[in-house]
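Working notes, structure below.
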Amino acid sequence: MKLRTKILIGYLSTVCLCLCAVIVIFLTNPPHWVWFVVLMGSALLSCIPGCWWINVMGRKFHKLAFHAERIGAGDLRETVLSEKTAKPLDEMDRLAELLEKARVGYMRMLHAVRTSTQEAGSASYMLTELAKRIDASSREISRSMEEMARGADVQNELVDQTSALIAEMARTIERTSRSAEDAAKSSSEASVVAQSGGQMAGQAVDKMRGVFQGIEKYTERVFEFGERTKEIGAIVRVITDVAQQTHLLAINATIEAARAGDAGRGFAVVAEEIRQLAENTSRSAEKIAGIVEEITAGSQEAVKAVKESTRHLSEGRDQLTSIIEALDNIVATVTSGSDRVQIISRLAKEQIAGAKETVKAIENISRVAQKNAKSTEAVSRSAEAQAKSLYNVTTLSSEITELAGNMDKEVRKFRLDDDHGA
Amino acid sequence: MAHNGETVTTTRMEPGEFGKKALILKVGNERYGLLLDNVVEVFETNTDLMCIPGAPAWILGLANNHGRVVPVVSLGVFWELETGSRSNHIVLVECEDESYGLAVDRIESMDTVSAEGPEVRGRRRCWHHGALLELIDPTYLTKELFARLDSEQSHAQVDGHGAA
């Protein structure tokens, strides 16, 4: 039964009793005191259910107030509905039921809030830790970025220096290439000249061989002449001996003629003529011998000079042969050197091309390094912003942790059904 | 050989004597003329001379002339002149039954000389082809040689007795 129905029934019963009493009085017209007693009796009679009901309502209100107070105080451990009021009858029961529902919902919400707060606290704590780690990593990244930036600057300078060096190297290689080309031309010319020199030296050697043969023939002739001269000397010695013998014989004949006196005078004249002839012969032979000696000495000196000249010529021929060999070697070396110089020139050109490519690549590297430097600066700025954001996140996370702690503290002020003791 | 001491007699060469044949010799740096009066012949020794032990230095040795052995005297050593290379021509001299050879540096020629000036100790100056030479008298030379030989032999004997 609803409360207004109850109040209406009570009011109507009171009114009915009062009317009944009034009707009875009017009909019986009793004394005043009866009137008074009847009125008071009916008033009292009508007050009995009212008092009972008020009592019941009071208890219910008291209980609801008690529960409401406890719920208001945050103690949600007791259920609002009792076993007697398991079945809702009136608005008070309905109110109790709703209060119970509110308690249960409130408790669930608080459970959820507590769980969420705890989770939020732990998550915030983890977030704080994570933010600290990220902050540390970010600082590390920032430092690395600064180092990278410095390294990029150094790299940029080194790249510039390398580029300059390679450009200088390219110029040097170009000069080397030009020098190598000049050297190749010079060595080719030298090779031609050396070949010409070798041919001329070969011709000179051939001529020298002819000269040698002539000198050898001349030497043989001189030897033959010397031998013949010796033969002449021997013949002259024989003539000299014969002349001396003749001279001796003539002297002896003269002596004999002188000893013969006048008889030997004619013989003495003949002997004297013979002696003079022998003397002339002897003088001539002596002159011839002197001339032969001079000729022999001259021929010996000539032979000696020819031998000396032959020796010098032989040395000269050996030296000329050595010169030819040296010229051949020079030609071979110069040809080889020319080939090598051409190879060097070609390699130098390739090196120049490579150096140009290297310069281009280094310029690209420089550009990339500059971009890297810019990117590093941007990353550094981003890292700084990230650090600031992380600081804010850390701050917010700390605040959230604090808030979660406060909320948990506040939520823990509510006593739920699984809280015991306190 | 006979020894005649200091008083030697020679065949004197008179001044302005003509038609005398002389053998022109060279001993050392000097030229001499030897009169042909006592010269037998000039011969040649192709072998070494045979040495005579104990003989004076100016006797070079013994030479063989057609089987006849003759002593050979070096005029350069005898006259103590600086002699050059000796020729192998020996002048055979025969004087007073004595024969000996004279070794000279060179026999230049045989010519007719005219003696000039007085003879001194068997020598006389004369002109020959515009040059002065000493004309030697073989007889005086022979005596001089034998006198020197006797003198040296007597000295040697005195020295030998003194030593004994």
Selection from segment A:370-402 of residues in contact (Cβ under 8 Å) with a residue 60 or more places away in the chain and under 30 Å from A:ALA120 (Cα atoms) yields A:ALA383, A:GLU384, A:GLN386, A:ALA387, A:LEU390, A:TYR391, A:VAL393, A:THR394, A:SER397, A:SER398, A:ILE400, A:THR401
Note: among B:LEU149, B:LEU102, B:LEU133, just one is under 16 Å from the mean Cα position of the chain (by Cα) and within 14 Å of chain A (Cβ to nearest Cβ), namely B:LEU102
What pairs come out if I take residues in segment B:42-60 that are among the β-branched types (Val, Ile, Thr) and pair them with residues that are surrounded by fewer than 18 Cβ atoms within 10 Å (Cβ to Cβ) whose C-beta lies under 7 Å away, six or more apart or interchain?
B:THR45/B:ASN88; B:ILE52/B:GLY61; B:ILE52/B:LEU62; B:ILE59/B:ILE52
Residue ID - surrounded by the fewest Cβ atoms within 10 Å (Cβ to Cβ), chosen from residues in segment A:177-211 that are touching a residue at least 60 places away in the same chain (Cβ under 8 Å) and among the hydroxyl-bearing types (Ser, Thr, Tyr)
A:SER188
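Would you tally the residues in segment A:140-197 being acidic (Asp, Glu) and closer than 30 Å to A:LEU327 by Cα?
Filtering segment A:140-197 down to residues acidic (Asp, Glu) leaves A:140, A:146-147, A:153, A:157, A:160, A:168, A:174, A:181-182, A:189.
Those still in the list that are closer than 30 Å to A:LEU327 by Cα too: A:181-182, A:189.
Here the count works out to 3.
Determine whether A:ASP75 is charged (D, E, K, R), surrounded by 15 or more Cβ atoms within 10 Å (Cβ to Cβ) and farther than 30 Å from A:ARG412 by Cα.
Details: charged (D, E, K, R): yes; surrounded by 15 or more Cβ atoms within 10 Å (Cβ to Cβ): yes; farther than 30 Å from A:ARG412 by Cα: no.
Here the answer is no, as A:ASP75 does not meet what is asked.
Which count do you get for residues in segment A:265-300 that are more than 23 Å from A:THR240 (Cα to Cα) and either away from chain B (no Cβ under 12 Å) or buried (at least 18 other Cβ atoms within 10 Å of the Cβ) (or both)? First the steps, then the outcome.
Of all residues in segment A:265-300, those more than 23 Å from A:THR240 (Cα to Cα) come to A:265-267, A:300.
Those left that are additionally either away from chain B (no Cβ under 12 Å) or buried (at least 18 other Cβ atoms within 10 Å of the Cβ) (or both): A:266-267, A:300.
Here the count works out to 3.
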Residues satisfying the stated conditions in segment B:105-126, i.e. under 26 Å from A:ALA253 (Cβ atoms) and out of contact with any helix residue (DSSP H, G or I) (no Cβ under 6 Å at 6 or more places or on another chain)
B:ASP105, B:ARG106, B:ILE107, B:GLU108, B:SER109, B:ASP111, B:THR112, B:VAL113, B:SER114, B:ALA115, B:CYS126
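Give B:THR139, B:THR112 a once-over and let me know the one that is more than 14 Å from chain A (Cβ to nearest Cβ), surrounded by fewer than 21 Cβ atoms within 10 Å (Cβ to Cβ) and β-branched (Val, Ile, Thr). Show your work before the answer.
Values: B:THR112 fails: more than 14 Å from chain A (Cβ to nearest Cβ).
After applying the criteria, what remains is B:THR139.
Looking at A:ARG412, A:ARG367, which one is charged (D, E, K, R), at pLDDT 80 or above and in a helix (DSSP H, G or I)?
Values: A:ARG412 fails: at pLDDT 80 or above.
Step by step, each of A:ARG412, A:ARG367 is checked, and only A:ARG367 is charged (D, E, K, R), at pLDDT 80 or above and in a helix (DSSP H, G or I).
Rundown of residues vs (1) modelled with pLDDT of 80 or more; (2) assigned to a helix (DSSP H, G or I); (3) farther than 24 Å from A:ALA102 by Cβ, yes/no style:
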residue: A:LEU17; (1), (2), (3): no, yes, yes
residue: A:CYS20; (1), (2), (3): yes, yes, yes
residue: A:ILE23; (1), (2), (3): yes, yes, yes
residue: A:TRP52; (1), (2), (3): yes, yes, yes
residue: A:GLY58; (1), (2), (3): yes, yes, no
One residue is enough: does segment A:141-160 have a residue meeting the conditions modelled with pLDDT of 80 or more, farther than 30 Å from A:THR376 by Cα and surrounded by 13 or more Cβ atoms within 10 Å (Cβ to Cβ)?
no
Given the conditions (1) touching a Phe, Trp or Tyr at 6+ places or on another chain (Cβ under 7 Å); (2) without any contact (Cβ under 8 Å) to a residue 60 or more places away in the chain, report the number of the one that A:VAL38 does not fulfil.
(1)
If you check A:PHE66 against the conditions, is it out of contact with any helix residue (DSSP H, G or I) (no Cβ under 9 Å at 6 or more places or on another chain) and either crowded, with 17+ Cβ neighbours inside 10 Å or aromatic (Phe, Trp, Tyr) (or both)?
yes
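Okay, residues lined up against (1) touching a Leu at 6+ places or on another chain (Cβ under 9 Å); (2) buried (at least 16 other Cβ atoms within 10 Å of the Cβ); (3) away from every other protein chain (no Cβ under 14 Å); (4) closer than 22 Å to A:GLU301 by Cα:
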site: A:GLN213; (1), (2), (3), (4): no, no, yes, yes
site: A:GLU216; (1), (2), (3), (4): no, no, yes, yes
site: A:ARG221; (1), (2), (3), (4): no, no, yes, yes
site: A:GLY226; (1), (2), (3), (4): no, yes, yes, yes
site: A:LYS230; (1), (2), (3), (4): no, no, yes, yes
site: A:VAL242; (1), (2), (3), (4): no, no, no, no
site: A:LEU249; (1), (2), (3), (4): no, yes, no, no
Reported set for segment B:29-75 where residues are under 14 Å from the mean Cα position of the chain (by Cα), within 14 Å of chain A (Cβ to nearest Cβ) and in a loop (DSSP other than H, G, I, E, B) is B:LEU36, B:ASP37, B:ASN38
Restricting segment A:252-263 to residues that are in contact with a helix residue (DSSP H, G or I) (Cβ under 9 Å, 6 or more places away or on another chain) and surrounded by fewer than 18 Cβ atoms within 10 Å (Cβ to Cβ), the one farthest from the other protein chains (Cβ to nearest Cβ) turns out to be A:ALA263
Scan segment A:330-357 and report the pairs whose first residue is among the hydrophobic types (A, V, I, L, M, F, W, C) and whose second residue is not in a helix (DSSP H, G or I), with Cβ atoms within less than 6 Å and a gap of 6+ or a chain change.
none
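The values are calculated or read from the model by the stated rules, or taken from the named source; none is laboratory data. If you're wondering where the values come from, they're calculated on a predicted model, not measured in any experiment. Positions of Cβ are generated from backbone atoms using ideal geometry, with glycine treated the same way; all protein chains shown enter the neighbour counts.
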